[in-house]
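Colleague: The following block contains the structure, expressed as structure tokens.
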Ligand code: ASP
């Protein structure tokens, strides 16, 4: 039997509450998801590595202002954009992550460079920016990342002590951390995740997304996972690695392990969100405990899916 290959992507858990979603907006989200999915999947079909496919899909989502990553990232309390990203290769367990970076169009590319061109795994803030400079990344000014909707979100809570998840169900917010997971034609796995974090965040707040084993993880023994949701809770639950452990140590299937973590363990501690995951047989799981999760998947095993709400 030939090796199955699969790709899954997400554009954030939460989503606009059903009543606030217009047909126009829904179609714009779906189009953006489809472009990212098709671009990554075409690479897999042509025999590219899982790492190439997830980087491609995530960078396309970063380029869309609809999602809270790259262009369209949320505003910090100071009115800037601080972005986090991570990528991991399930074959080698090599990983790269950056956090609190500013002005970089595609944070996921920088995370990959950390993985492949440095002796380290995680670079943050000024140091990460110096690393980017050493590789001649161009630094965009704030206007590149500006999005009217994000700006209004920030204005509502600017000057207060509160910070807001981009997918708070109480607000008419759109969500938007992005991620991709893939199993390639050689059965190798990879995961990539990128985010602007939370609106009005302060004090160098970092969420789960760039943390290896929390918001992003890949291991050929088990699965590749990319998360989205209330980062603080995902950190407490060490979500991505927990899915992998349930598969490795307890023999759970991908569907069982992801469902246990999202619908039980995370819920038990009050965390909301979801994840996408693939295993080395090309199986895909995309559970979430919020009203929706922008998501898409395609696989040599079955059909292409682009979806927002629960099915
Ligand atoms: N998990 C991200 C964070 O806490 C937010 C999100 O998924 O939208 O930074």
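The values are calculated or read from the model by the stated rules, or taken from the named source; none is laboratory data. If you're wondering where the values come from, they're calculated on a predicted model, not measured in any experiment. Neighbour counts are summed over all protein chains in view; Cβ atoms, including those assigned to glycine, are modelled from backbone coordinates with ideal geometry.
Colleague: Restricted to the stretch 182-205, and to residues that are within 15 Å of the ligand (Cβ to nearest atom) and at pLDDT 95 or above, which residue is farthest from residue 79 (Cα to Cα)? First the steps, then the outcome.
Modeller: Here is the first cut: in the stretch 182-205, the residues within 15 Å of the ligand (Cβ to nearest atom) are 191-205.
So of that shortlist, the ones also at pLDDT 95 or above come out as 191-195.
Working: 191: 30, 192: 26, 193: 23, 194: 19, 195: 16 Å.
Ranking the candidates gives 191 first.
Colleague: Let me ask something additional. Hey, residue 41 hits all of (1) within 24 Å of residue 241 (Cβ to Cβ); (2) at pLDDT 95 or above but one; which does it fall short on?
Modeller: Condition (1) is where residue 41 drops out.
Colleague: Also: For the stretch 258-272, state whether one or more residues are within 17 Å of residue 190 (Cα to Cα) and in a loop (DSSP other than H, G, I, E, B). Let's see the steps before the verdict.
Modeller: Quick first cut of the stretch 258-272, residues within 17 Å of residue 190 (Cα to Cα) only: 258.
After this cut, where a residue has to be in a loop (DSSP other than H, G, I, E, B) as well, the list is none.
Within the stretch 258-272, none of the residues are within 17 Å of residue 190 (Cα to Cα) and in a loop (DSSP other than H, G, I, E, B).
Colleague: For residue 125, indicate whether it is over 26 Å from residue 244 (Cβ atoms), surrounded by fewer than 18 Cβ atoms within 10 Å (Cβ to Cβ), touching a residue at least 12 places away in the same chain (Cβ under 8 Å) and touching a strand residue (DSSP E or B) at 6+ places or on another chain (Cβ under 8 Å).
Modeller: Values: over 26 Å from residue 244 (Cβ atoms): yes; surrounded by fewer than 18 Cβ atoms within 10 Å (Cβ to Cβ): yes; touching a residue at least 12 places away in the same chain (Cβ under 8 Å): yes; touching a strand residue (DSSP E or B) at 6+ places or on another chain (Cβ under 8 Å): yes.
Spelling it out, residue 125 is indeed over 26 Å from residue 244 (Cβ atoms), surrounded by fewer than 18 Cβ atoms within 10 Å (Cβ to Cβ), touching a residue at least 12 places away in the same chain (Cβ under 8 Å) and touching a strand residue (DSSP E or B) at 6+ places or on another chain (Cβ under 8 Å).
Colleague: Sort out which residues of the stretch 249-266 are surrounded by fewer than 15 Cβ atoms within 10 Å (Cβ to Cβ) and over 22 Å from residue 301 (Cβ atoms), and write them in order of number.
Modeller: 249, 250, 263, 264
Colleague: Tell me, which residue of the stretch 224-248 that is more than 12 Å from the ligand (Cβ to nearest atom) and more than 13 Å from residue 261 (Cα to Cα) is surrounded by the most Cβ atoms within 10 Å (Cβ to Cβ)?
Modeller: The residue in question is 224.
Colleague: Taking the condition of being at pLDDT 95 or above and either closer than 29 Å to residue 157 by Cα or part of a loop (DSSP other than H, G, I, E, B) (or both), how many residues in the stretch 72-96 meet it?
Modeller: Narrowing the stretch 72-96 to residues at pLDDT 95 or above: 83-96.
Adding the requirement that they be either closer than 29 Å to residue 157 by Cα or part of a loop (DSSP other than H, G, I, E, B) (or both) leaves 83-86, 90-94.
Within the stretch 72-96, residues that are at pLDDT 95 or above and either closer than 29 Å to residue 157 by Cα or part of a loop (DSSP other than H, G, I, E, B) (or both) number 9.
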